[in-house]
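Below you'll find the structure, written out as structure tokens, and then a few comments.
Rule-based calculations on the coordinates, nothing more; no lab input. Fair warning: this is a prediction, and the values are worked out from it, not measured in the lab. Cβ placement follows ideal geometry from the backbone for every residue including glycine, while neighbour counts extend to all protein chains displayed.
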Amino acid sequence: MNSRRTPARGDVFTAGGTLDTRGLQRLQSSAVVRWVAIAILAAGVIVLFNAGDPFTLQVLTVALLNAAITVSLSISFGFAGIFNLSQGSFYGLGAYAAAILITDVGVPFWVALLGSIAVASIFGVLMGFVAVRLRDDYFAFASIAFTIIITQALINLPELTRGGTGFFGIPVVDIFGWRIATGRDSFLLAAIGFTVVFLVTHRVTRSFFGRAMLAVNHDEMSAKAVGVSVVFTRVVAMGLSSALAGLSGCLLTVTMLYIQPSDFSTVLSMNVTLWSIIGGPTSLIGSAVAGGGITFLQENIRAIVDYRLAILGIVVLIAVYLRGGVLRRPSWMRLPKGTR
Amino acid sequence: MKKTLTAGIALAGVVAALAGCSPQSTADADEVRILFSAPLSGDSAESGQALLNGAELAADIINEAGGAGGRTVVIEAADDEMTTQAANSIASKFAADPKYFALAGFLDTGLAQAASVVANRSELSLISSFGCGDSLVTDADNVFVMCAAPDANGRVAASFIADQIPGATFVSISIDVPQLDFYFNGLQAVTDDRDLTWASREVYPPSATDYATVVTNALASSPDAIVSGSLQASAAQVLSQIRRTDPDVLYVDMLGEGWGSTFLDTAGDAAIGAYTQDLGLGFGGDDADRVAILDRYQDEHGTVMSAAAQHGYDTILAIAAAADAGATREDLEDKLAEIDADGVTGPISFANGKRADERVISISEITGTAPEDRTVLAQYTVTSDGKISLFE
């Protein structure tokens with residue numbers, strides 16, 4: 001927030017003053033591109049040196065997918081300010097849509113991918129309308145209920161989902177002649193998926209719509225006063241956020257070839273939100289590092305597994321104290337005191 | 001710019017270093033190291049720990065007798081937390097590191113299935129000790145299954161009722177979850193074959209805390225027996241309500257969980273006279289070696305050797321037999337198909353497929369409120385093709 005300087009083009013006006021977006025515009029071209037390039041370079045190094053190590057590839061694949069859903073949550077939770085505790089459900093809906101379409105309907109990967117995005121975004125839009133009516137902790141309860149409903153539906157529709165024991169027999173997919181048959185293929189596909197989710201989220205959050213989400217999040221009345229539709233913003237934010245989670249879910253299905261309802265229970269949704277809080281809800285890099293990094297460390301440092309919840313709790317407390325995540329977002333994106 | 005690049009390079013270095021730290025070693029020629037997956041934390045930790053305890057007891061006994069082909073059997077426990085993600089990681093750890101001779105354990109069909117996908121990428125097999133679902137043998141081709149298919153439990157419950165009361169009328173009371181359909185299929189098959197009458201199927205939702213309605217409905221037809229498809233605590237509550245109205249009706253378990261402390265503590269004296277189903281030969285018996293194993297387990301852990309523990313034991317016995325026959329981790333599948341061993345749950349062989357050829361399921365009468373207070377009344381052999389007969 002900066003109420004002293006002269007407002008510039010592209011700024012967001014709120015009751016508390018003007019939200020300075022100049023830093024945002026600078027970021028569009030430089031830092032993020034560097035970070036993504038570094039991440040891809042690191043991934044390439046790992047693949048080159050560990051091409052034959054199934055354990056590392058497996059863990060990195062899961063870490064990248066968890067990073068992707070955490071980044072996608074930034075849209076609804078971080079920018080639009082919707083206390084969304086159901087991101088794991090959209091991930092699951094995308095995963096199950098892909099499993100059913102590929103295994104039972106026999107469609108190619110691309111059709112399944114579109115189907116996953118469509119199914120997850122439809123449910124996301126529905127939850128977006130709920131987000132229009134309910135705020136903060138009330139919506140949080142509704143999103144938990146949604147997660148439970150989806151999990152129970154996946155268990156109790158065995159003709160469609162194979163029920164509680166999970167979805168078996170998913171075939172290896174072929175993407176323009178590239179068969180996702182090995183751990184290395186899975187890792188590379190997850191890396192591509194993560195990059196797509198990251199860049200799409202980056203573009204969305206740095207667009208006019210991204211500023212509209214921040215405006216609605218900071219001060220709804222002021223946003224309305226300058227012509228931002230709160231209903232449209234919240235609904236589309238939920239739709240986009242869930243669509244990207246659905247995309248990640250599709251990639252989970254084709255890389256793991258087995259899914260079960262308990263993978264998408266409230267535990268996953270809570271974890272994704274915790275990772276987002278730790279990384280910083282509006283920091284895409286922070287979200288990616290927290291979601292992927294915690295998954296990676298959890299699998300690599302098994303000695304601390306018994307203490308992981310305690311450690312996670314301490315890190316969350318630190319993140320809350322720092323207001324903006326352990327990996328702090330830029331100052332122009334931090335919310336002023338008293339707004340959350 | 002400089003700061004960002006430094007941070008980025010540091011991050012890339014840390015990630016690459018951690019990735020490089022992944023376990024890579026060579027197999028120790030003097031040991032048979034088995035990576036054993038079980039839930040050691042969370043809601044299923046009690047059963048997971050029992051599964052592991054059984055495996056460790058088997059390793060101890062085999063090593064005291066000279067090992068598997070002279071090699072020491074080592075169990076390395078891995079907590080799968082009952083999550084697919086952890087099961088996948090454990091399977092990939094097994095695939096990545098040649099020091100592991102075998103991957104075994106698993107309390108849950110889904111986790112074994114998830115692990116099988118990862119192991120299959122490296123053309124390796126695994127052994128599911130207590131995940132028994134049909135999908136493991138129909139949808140995967142690299143999983144050996146130690147236990148009988150779920151429909152066998154339904155078959156055994158109906159066979160026991162038919163043996164006790166020919167032409168009986170029975171009802172079932174169960175939790176309403178789709179997974180029970182497998183058990184009901186077995187129940188229906190024997191009901192048709194043995195001229196039984198299945199009067200009604202009473203179900204309650206997973207969230208239920210009051211069972212008065214289902215119990216009243218079940219007793220309305222004055223059945224000779226009630227088949228229980230309830231988990232431990234709710235099975236005990238249902239039984240307590242039944243006993244208030246009808247103290248004599250047979251109450252027979254269909255799930256094969258082996259009613260233990262939770263059931264007995266909840267039901268109290270009402271448990272006496274109920275019929276519990278155990279995967280395996282049950283408790284006690286005439287075989288001195290087997291009884292010695294059960295007693296040793298009880299001495300070491302202060303509780304009876306549950307069905308899960310017995311299956312953990314037999315899993316290690318099967319792997320050790322294969323190692324003794326000269327198996328390597330790459331051809332474990334071929335050697336397991338050749339073994340012929342006697343375990344605490346009954347004979348172990350895989351000549352006809354990847355589910356154990358014959359499995360024994362016992363029905364015991366509960367005679368007191370301690371887990372060991374039970375008398376084996378009947379033992380049934382279930383073959384991998386679903387046929388059932390009295391155990392010889």
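Taking θ as phi - 60° and the Karplus parameters 6.51, -1.76 and 1.60, the scalar couplings of the range B:115-120 work out to 5, 5, 5, 5, 5, 5 Hz in sequence order, x denoting glycine and proline.
If you bin all the Cα-Cα distances of chain B at 20 Å, starting from zero, the percentages per bin are 28, 53, 17, 3, 0.
Across the range A:161-168, coupling constants 3J(HN,Hα) worked out from phi with the 6.51/-1.76/1.60 Karplus curve, θ = phi - 60°, read 10, 6, x, x, 7, x, 9, 9 Hz, and Gly and Pro carry x. For A:Ile259, the residues whose amide H sits under 5 Å from its own are A:Phe167, ignoring neighbours fewer than 5 places away on the same chain, with H placed 1.01 Å from N. Measure nothing fancy, just the Cα-based angle from helix B:2-20's long axis to the longest principal axis of chain B, in degrees from 0 to 90, nearest 10. Once rounded, the angle reads 60 degrees.
Computed extension length for B:Glu372-B:Asp163: 72.8 nm, one decimal, from 0.36 nm per residue of separation with the Cα-Cα distance subtracted. Applying the Karplus relation 6.51 cos²θ - 1.76 cosθ + 1.60 with θ = phi - 60° to the range A:262-275 yields 3J(HN,Hα) values of 5, 5, 10, 6, 4, 4, 5, 4, 4, 4, 4, 5, 4, 4 Hz, where x marks Gly and Pro. Here the dipole of the range A:32-323 is about 600 debye; that uses its Cα centre as origin and unit charges on the Cβ of Lys and Arg (positive) and Asp and Glu (negative). For chain B, lysine pairs separated by 8 or more sequence positions, or belonging to different chains, with Cα-Cα distances below 27 Å total 7. Shown is the FRET efficiency for A:Val105 and B:Asp342, computed with R0 = 45 Å from the Cβ-Cβ distance and rounded to the nearest 0.05: 0.40. Our compactness index for the range A:32-323, the C-alpha radius of gyration over the empirical 2.2 N^0.38 Å, is 0.97.
Across chain B, the mean sequence separation of Cα contacts (distance under 8 Å, 6 or more residues apart), normalised by length, yields a relative contact order of 16 percent. Semi-axes of the equivalent ellipsoid of the range B:92-182 are 36, 13, 9 Å, computed as sqrt(5λ) over the eigenvalues of the C-alpha gyration tensor in descending order. Mean per-residue shielding of peptide B:133-144 is 2, counting Cβ atoms of other chains within 10 Å of each Cβ. Placing a pseudo-label 7 Å from each Cα along the Cα-to-Cβ vector at B:Asp134 and A:Ile148 gives an inter-label distance of 3.3 nm.
For the pair B:Asp331 and B:Glu300, what calculated FRET efficiency results from E = 1/(1 + (r/R0)^6), where r is the Cβ-Cβ distance and R0 = 22 Å, to the nearest 0.05? Could the numbers behind the result be given before it?
Numbers: r = 34 Å, r/R0 = 1.54.
Computed FRET efficiency for B:Glu300 and B:Asp331 comes out at 0.05.
Between amide H atoms placed 1.01 Å from N, distances below 5 Å from B:Ala378 occur with B:Ile363, all of them 5 or more places distant or on a separate chain. Exposure proxy for B:Trp198, B:Trp259, A:Trp110, A:Trp275: other Cβ atoms within 10 Å of each Cβ, ordered fewest to most, give A:Trp110, B:Trp198, B:Trp259, A:Trp275. Label point of A:Tyr138 set 7 angstrom out along Cα-Cβ; within the range A:76-107, amide nitrogens under 16 Å from it belong to A:82-84.
Over the Cα atoms of the range A:192-267, the radius of gyration divided by the Kirkwood radius equals 1.12; this is the Rg/Rh ratio. Across the range A:32-323, the relative contact order, built from alpha-carbon pairs under 8 Å that are at least six residues apart, equals 36 percent. Quick note on the range B:55-111: its Rg to Rh ratio, both from C-alpha atoms and Rh being the Kirkwood radius, is 1.03.
In this label model, A:Tyr307 and A:Val125 are separated by 4.9 nm, measuring between points 7 Å along each Cα→Cβ vector. Hey, what's the Kirkwood Rh for the range A:128-233 if you take every pair of different alpha carbons, in angstrom? Averaging 1/r across every pair of different Cα atoms and inverting gives 18.0 Å.
Can you work out the FRET efficiency for the pair A:Ile192 and B:Ser207, with r the C-beta to C-beta distance and R0 = 45 Å, to the nearest 0.05?
0.60
Close amide-amide hydrogen proximity is noted between B:Thr72 and B:Glu31, B:Val32, each under 5 Å apart and 5 or more residues distant or on a separate chain (H modeled in the peptide plane; Pro and chain starts excluded).
Does the range B:134-248 come out rounded, prolate or oblate, given a ≥ b ≥ c as the square roots of the eigenvalues of its C-alpha gyration tensor, rounded meaning a/c under 1.5 and, failing that, prolate meaning a/b above b/c?
Here the range B:134-248 falls in the oblate category.
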